[in-house]
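The values are calculated or read from the model by the stated rules, or taken from the named source; none is laboratory data. Computed from a predicted model, the values in this text were never measured in an experiment. For neighbour counting, all protein chains shown are included, and Cβ atoms are generated from backbone atoms with ideal geometry for every residue, glycine included.
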Amino acid sequence: MDIREQLASDLLGAPYAQLSQQKRSVIDLIADQKPTGLGPLAKADERDGWAKLADKVAQVGGSWGFIISFVVFLLLWAAGNIALASRAFDPYPFIFLNLMLSMIAALQAPIIMMSQNRQGAIDRAAAEHDYVVNMRAELEIMLLHDKLDALRERDILARTDAISAQLKQLCDDVAVLKAKG
């Protein structure tokens, strides 16, 4: 029987061909005695320039530094335009500022969503990798238990044989002593 079939049957109770792709990959790793490999986060950065820009926008736009600096900017804009009253660039009710804020929000939201979608895909890949690593660890532990049980059984049989031999020897010695005696 093939080692993969044996492992699938012993550890998962199913034929190798009926296992999911993930479970087959775990059985393959155990059979080949190869390391599980690096997770998706350890791979080289495969993002293009736009993806990196989207991630940077999401990183900056979602920080307290951005929020605080933006509030300060808005306060300075409003205070400056109120102070300049008659010569204000954008007088109260700050229509130009509202237009700019709407345009920024309209562009920033989808950019942040792109970054979140990519991060979600990375998180799913990391979760799948963790699942494979954990399943492999669990199956390896099961194999170790089986090996320990086999060693223990062999040890018990050897001790039982030794005790049987000693008992037979004692019985023979008692029989010899009775015969002499």
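Kindly evaluate LEU101 against the criterion of being within 20 Å of SER63 (Cβ to Cβ) and either free of Cβ contacts under 8 Å to residues at least 12 places away in the same chain or of a type in the set (D, E, K, R) (or both). Talk me through it step by step, then tell me what you get.
Working: within 20 Å of SER63 (Cβ to Cβ): yes; either free of Cβ contacts under 8 Å to residues at least 12 places away in the same chain or of a type in the set (D, E, K, R) (or both): yes.
For LEU101, the condition - within 20 Å of SER63 (Cβ to Cβ) and either free of Cβ contacts under 8 Å to residues at least 12 places away in the same chain or of a type in the set (D, E, K, R) (or both) - is met.
Exactly one of (1) of a type in the set (A, V, I, L, M, F, W, C); (2) in contact (Cβ under 8 Å) with a residue 12 or more places away in the chain; (3) surrounded by fewer than 10 Cβ atoms within 10 Å (Cβ to Cβ) is unmet by ILE122. Its number?
Looking at each condition in turn, ILE122 falls short on (3).
Test PRO91 against the stated conditions and say whether it is at pLDDT below 90, surrounded by 13 or more Cβ atoms within 10 Å (Cβ to Cβ) and either of a type outside the set (Val, Ile, Thr) or within 30 Å of ASP146 (Cα to Cα) (or both).
Details: at pLDDT below 90: yes; surrounded by 13 or more Cβ atoms within 10 Å (Cβ to Cβ): yes; either of a type outside the set (Val, Ile, Thr) or within 30 Å of ASP146 (Cα to Cα) (or both): yes.
When the stated conditions are applied, PRO91 passes them.
As an exercise: evaluate ALA106 against (1) surrounded by 11 or more Cβ atoms within 10 Å (Cβ to Cβ); (2) modelled with pLDDT of 90 or more; (3) hydrophobic (A, V, I, L, M, F, W, C) and give the number of the one condition it does not meet.
It fails just one condition, (1).
Write out, first by first residue and then by second, each pair whose Cβ atoms fall under 9 Å of each other, whose residues are 6+ apart or on separate chains, and whose first residue, in the range 18-35, is within 13 Å of ASN134 (Cα to Cα) while the second is outside any helix (DSSP H, G or I).
LYS23/ALA14; VAL26/LEU19; VAL26/THR36; ILE27/LEU19; LEU29/PRO35; LEU29/THR36; LEU29/GLY37
Every residue in the range 131-181 that is among the basic types (Lys, Arg) and modelled with pLDDT of 95 or more, please.
Going through the range 131-181, the residues among the basic types (Lys, Arg) turn out to be 136, 147, 152, 154, 159, 168, 178, 180.
ARG152, ARG154, ARG159, LYS168, listed by residue number.
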